[in-house]
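Notes follow once the structure below has been shown.
The values are calculated or read from the model by the stated rules, or taken from the named source; none is laboratory data. The shown structure was predicted, so the numbers you read here are calculated from the model rather than taken from an experiment. No Cβ is skipped: glycine too gets one built from the backbone with ideal geometry, and neighbour counts run over all protein chains shown. Please note that ligands, DNA and RNA were not included when accessible areas were found on the heavy atoms of the full protein model with its side chains. Shrake-Rupley method; radii C 1.70, N 1.55, O 1.52, S 1.80 Å.
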Amino acid sequence: MSQIKVSRCEKNGKIIEGLYVIEPTVHRDDRGCFVETYNKKDFLEAGLTMEFVQDNQSMSVKGVLRGLHYQKQYPQGKLVRVLHGRVFDVAVDLRKGSSTFGEWYGIELSDENMKQFYISEGFAHGFLVLSDTAEFAYKCTDFYHPGDEGGLLWCDPQIGVQWPLEEGMEVLLSEKDKVQPLLSEAFRF
């Protein structure tokens, strides 16, 4: 019996192909909890056939916004989750010819809800830290290739991501993320 529930992501009445919310079974008792975060057999039974080749982890403080990133010639699918804290995680469709090109989908991931978000190749990805700190982990379907990076400006009005910025929250960006291109100038898969 599968230990995961997989949901497709919908926005404005349309399914965004290639995005999935994955809810693993969480076993809780008075000692804490146990969760199996990845089981290839369960993923295959759910129709998720991706192969992972690299795991990454980051720690960030409140207000850090990482993204919106992608690799051009070596696109990565990503299975993301939060080990500690809370983030608002976003994917933007960059696949030319897609009926949802330029659309975004966002979900809160936390150590409490233990949800995971799978973002297929062809999407830009980023997240905003909502808690004092957050540890973020993700599995990738391709290796990181320096020099192959692309990005979108996090606040592009054409995309219109509704980041859940609390009053007075300062958005902390890398120098690179402050000057990413708009959707109209960005790479398309």
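Worth pointing out:
- Relative contact order, percent, the chain [alpha-carbon distance under 8 Å, six or more residues apart]: 27
- Solvent-accessible area per residue for the chain (1.4 angstrom probe, square angstrom): 52
- Pairs with C-alpha atoms separated by more than 23 Å, drawn from the list K5/K40; K14/K62; K5/K41, are K14/K62.
- Centre separation in Å (Cα based) which lies between the range 1-55 and the range 67-146: 14
- For the range 71-189, the tally of Lys pairs with Cα-Cα distances below 20 Å comes to 8, considering only residues 8 or more apart or on different chains.
- Here the range 1-143 is treated as a Stokes sphere of Kirkwood radius computed over C-alpha pairs; at 37 °C and 0.692 mPa s its diffusion coefficient rounds to 210 µm²/s.
- Peptides 114-125, 166-177 ordered by average Cβ neighbours within 10 Å, highest first: 114-125, 166-177
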